[in-house]
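Reading through the structure tokens given below for one structure.
Taken together, the values in this text are just the output of simple stated rules run on the coordinates, not laboratory data. Nothing here was measured: the structure is a model prediction, and the numbers come from that model. All Cβ positions, even for glycine, are placed from backbone atoms using ideal geometry, and neighbour counts span all protein chains on display.
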Amino acid sequence: MTFTPYVILWSILALTILGLALYRKFVANREEDLVHLGPGEEKEIPKQVQLAVKLETVDRWGKTLTVVAAAFGLVLAAAYLYEAWLTSLQRAS
């Protein structure tokens with residue numbers, strides 16, 4: 001059995017997660033540490049809310065994809081080790 005397509009799929013998934021992390025970093029650079037609540041700053045509140053929602057969405061996708069990539073990687077590693085074990089048993093016989 002060849003694992004190449006599965007490794008390529010896992011690599012694409014890992015690169016997607018890396019790209020998502022970089023995107024989050026660039027989006028978070030525009031985030032201000034101050035909450036604008038004072039008079040005359042009302043126009044900043046929707047921008048902060050929109051940025052918070054965007055970061056929350058990116059974080060949710062990042063966490064979900066990370067769990068999927070980790071589980072897929074573990075299954076892939078287990079399948080590879082099982083295949084190697086079966087091959088070593090066949091050679092011993």
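Listed values, structure above:
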read-out: Residue ID - farthest from the chain's Cα centre (by Cα), chosen from residues in region 13-32 that are loosely packed, with under 11 Cβ neighbours inside 10 Å and not in a helix (DSSP H, G or I); value: 32
read-out: Meets criteria (in contact with a Gly (Cβ under 9 Å, 6 or more places away or on another chain), among the aromatic types (Phe, Trp, Tyr) and in contact (Cβ under 8 Å) with a residue 12 or more places away in the chain) for residue 61; value: no
read-out: Of all residues making up region 33-56, the number that are assigned to a helix (DSSP H, G or I) and surrounded by 12 or more Cβ atoms within 10 Å (Cβ to Cβ); value: 7
read-out: Matching residues, region 1-10, being surrounded by 12 or more Cβ atoms within 10 Å (Cβ to Cβ) and in a helix (DSSP H, G or I); value: 6, 7, 9, 10
